[in-house]
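Report on the structure given below.
The values are calculated or read from the model by the stated rules, or taken from the named source; none is laboratory data. These figures come from a predicted structure and were not determined experimentally. Here the Cβ is made from the backbone with ideal geometry for all residues, glycine too, and neighbour counts use every protein chain on show.
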Amino acid sequence: MKENDLSERLFRFSVNVLKMLGTLKKRNELEVIKYQLSKSATSAGANYQESQAAVSKADFINKVGISLKELRESDYWLRIICEVEPNTVNIKNLCAECEELGKILASILIKSRA
């Protein structure tokens, strides 16, 4: 996979999460989750984007690591939505994409640290 492909996938993931959040009902108990998920999903892509202009290998590893942590957090919030609102449009696809993106970033980290 080319770096640009991963950047684009992370961007698409962020956009698709935001679109999905817009379809959720207005429920007090979901508002915090919606806010947290919007932050973590968009932060994953933003940090990966920053990693592409890293000033050192350590900086690159740090930014990719933050991106991975944000994806893991996104996965948590997505799984909660999946349980609370299982009929949410596209939720299963978002969960699968989040998991796959996390695996890709973890692989990049492992290779970068070697």
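Brief remarks on what is shown
- Members of the stretch 74-103 found to be within 16 Å of the chain's Cα centre (by Cα) and surrounded by fewer than 18 Cβ atoms within 10 Å (Cβ to Cβ), listed by number: Tyr76, Arg79, Ile80, Cys82, Asn90, Lys92, Asn93, Cys95, Ala96, Glu99, Glu100, Lys103
- Close pairs from the stretch 8-27: first touching a residue at least 60 places away in the same chain (Cβ under 8 Å) and closer than 12 Å to Leu94 by Cβ, partner among the small types (Gly, Ala, Ser) and in a helix (DSSP H, G or I), Cβ under 8 Å, at least 6 apart: Phe13/Ala41; Phe13/Ala44; Phe13/Gly45; Val17/Ser38; Val17/Ala41; Val17/Ser74
- The number of residues in the stretch 8-60 being surrounded by 13 or more Cβ atoms within 10 Å (Cβ to Cβ), farther than 19 Å from Arg72 by Cβ and of a type in the set (S, T, N, Q) comes to 1.
- Of Glu8, Glu50, Glu31, Glu73, all but one fail to be under 14 Å from Glu97 (Cβ atoms), acidic (Asp, Glu) and either at pLDDT 95 or above or in a helix (DSSP H, G or I) (or both); the exception is Glu8.
- The residue pairs whose first member lies in the stretch 87-114 and is part of a loop (DSSP other than H, G, I, E, B), whose second member is among the polar types (S, T, N, Q), and whose beta carbons are closer than 7 Å, counting only pairs six or more residues apart or on different chains, are Thr88/Thr23; Val89/Thr23; Asn90/Asn16.
- Glu70 out of contact with any Asp or Glu (no Cβ under 7 Å at 6 or more places or on another chain), of a type in the set (Asp, Glu) and buried (at least 19 other Cβ atoms within 10 Å of the Cβ): yes
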